[in-house]
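Single-structure report; data block below.
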There are 2 protein chains.
Amino acid sequence: MTADNRADLSPSAPALTERQEARRRRILDASAQLAARGGFDAVQMREVAEAAGVALGTLYRYFPSKIHLLVATMQDQLQHMHTTLRKRPPAGADPAERVSETLMRAFRALQREPQLADAMVRALTFADRGVSPEVDTVSRLTTAIILDAMGAEHPSPEQLSAVRVIEHTWHSALITWLSGRASIAQVKIDIETVCRLIDLTAPATGPAAR
Amino acid sequence: MTADNRADLSPSAPALTERQEARRRRILDASAQLAARGGFDAVQMREVAEAAGVALGTLYRYFPSKIHLLVATMQDQLQHMHTTLRKRPPAGADPAERVSETLMRAFRALQREPQLADAMVRALTFADRGVSPEVDTVSRLTTAIILDAMGAEHPSPEQLSAVRVIEHTWHSALITWLSGRASIAQVKIDIETVCRLIDLTAPATGPAAR
DNA sequence: CGCTAATCTAGAACAAGTTACAGACTTGAT
DNA sequence: ATCAAGTCTGTAACTTGTTCTAGATTAGCG
């Protein structure tokens, strides 16, 4: 049913043919599958190409580097997550609760495929200037998810700053968890801590506000 | 004067001879110099070895991977920074101000050698489990710097959480700046925003408190 | 259909991180 | 001073990301 929900993501893309769309999908799937097995290192370009039934040169035509490929994989997964989350919005009373609930839900999803998470997050933070547009897309998706959870249609600049800081914390906390330097509980605490910033920047919330 | 201020950093190290200490230093200096020129990519193990006047195998004996080398380089630089900062403590009135002042000072230092910053920060966030101990050392150093700025001798668990979130934001904001996705001004805002968490967790500060 | 440009394939080649190894040099203990 | 163990050097080989090339296929168009 959700056949073409990425159409508006890259308006610069020159409209792929059906076979090309299929190739792209095979590549992304192969990437995710290899990543789920062995993390970042297991996503080897030759293996991705073979698993996707595509020549190495073609793989590089679609994704100009391993980092591009993995960031695109992350885009793909985030999209899933976003639609999933929209179906069951968080139930918390205030925005801070809803955001941390949402992020913890995402976190639990990542825990189910820690190796995949490893590959995607490492690629994301390792990406250099050449991948900025793609990384930015991921960032915008993440922002959208958080704003959704907050229920902020027209966020103030202050709220946007808070969201940025939440994103920073989210990425960095994931990294500490993935590299075994922080426990799941620790990540939870960090997320809840940073979400307190939302209350701090809330513009007169509550029923009797204004 | 500050001849041996890293003695207590790695009690597990098996006491190097003088020549070995000198080799280690030459390697770290070569690493920092190459990094300052061309960032992460310019730190090539063969070149580091040559610049340090050491065989490739020896380089790998001292630092088992490029990531280890760059994380150690970061340790080294952080140490400098810490002693520098201790000389002129931040002047702000409340802890949040002092911490953001300190971090902004560190940020300005990094701006002077953006390529070096790139190499170190990318290595830090790309490091996997095998480098955890070293990355942890860097993290502890950073924590110490922040706690120093806060003036918190015996931080509460809540305060420690805030510090962790500040560190997350610090690292991730640096990355967005290094990859050209955020301006210097943006980083400043993010740091100031996250530092507000400190007030939130302050245990009865000020003379007339409680 | 037949042409042309773009795309795809297979495979070689190159770059840089990492490993392996044989022989020379240091170190520390006796 | 001498010996054993450990360290360092120089160099080649291996791995995986990336680039390149020549020829086959495909897509769009008249």
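The values are calculated or read from the model by the stated rules, or taken from the named source; none is laboratory data. A quick note: this is a predicted structure, and the numbers were derived from the prediction, not measured. In this analysis, Cβ positions are derived from the backbone assuming ideal geometry, glycine residues included, and neighbour counts consider all displayed protein chains. Note: accessible area is taken over every heavy atom of the protein model, side chains too, but ligands, DNA and RNA are not part of it. Shrake-Rupley method; radii C 1.70, N 1.55, O 1.52, S 1.80 Å.
Odds and ends about this structure:
- Two-site label geometry, B:LEU160 and A:ASP29: point separation in nm, points 7 Å out along Cα→Cβ: 4.7
- Within a straight-line Cα-Cα reach of under 17 Å, B:LYS87 can be paired with the following aspartates and glutamates, leaving aside sequence neighbours fewer than 8 residues apart in one chain: B:GLU101, B:ASP148.
- Annotation for the B:A interface, with buried accessible surface near 3200 Å², both sides summed [1.4 Å probe; non-protein components not counted].
- Taken over the stretch A:66-201, the alpha-carbon convex hull comes to 103 cubic angstrom per residue.
- Angle between chain B longest axis and helix B:66-87 axis [Cα atoms, degrees, rounded to 10]: 50
- Chain B - mean residue ellipticity at 222 nm from DSSP helices (-39,500 (n - 2.57) per run, n ≥ 4, rounded to 500): -24000 deg cm²/dmol
- Candidate lysines - alpha carbon under 25 Å from B:LYS66, same-chain residues fewer than 8 apart omitted: A:LYS66
- Quarter of Cα convex hull surface for the stretch B:23-114, i.e. mean projection, nm²: 6.4
- With respect to chain A, whose longest principal axis is taken over its alpha-carbon atoms, helix A:114-126 is tilted by about 90°.
- For the stretch A:190-199, putting each phi into the Karplus relation 6.51 cos²θ - 1.76 cosθ + 1.60 with θ = phi - 60° gives couplings of 4, 5, 5, 4, 5, 5, 5, 4, 5, 4 Hz, in residue order, rounded to whole numbers and with x for Gly and Pro.
- Normalised by 2.2 N^0.38 Å, where N counts its residues, the alpha-carbon radius of gyration of the stretch B:1-160 equals 1.10.
- Copies compared at B:HIS82 - label distances in nm, ascending, label defined 7 Å from Cα in the Cβ direction: 4.2
- Each 20 Å bin from zero holds the following percent of Cα-Cα pairs in the protein assembly as shown: 24, 55, 20, 1.
- Folded to 0 to 90 degrees: helix A:95-112 orientation relative to chain A principal axis, Cα: 30
- For the stretch A:169-183, 3J(HN,Hα) per residue [Karplus equation, 6.51 cos²θ - 1.76 cosθ + 1.60, θ = phi - 60°, Hz, x = Gly/Pro]: 4, 4, 5, 5, 5, 4, 4, 5, 5, 4, 8, x, 9, 9, 7
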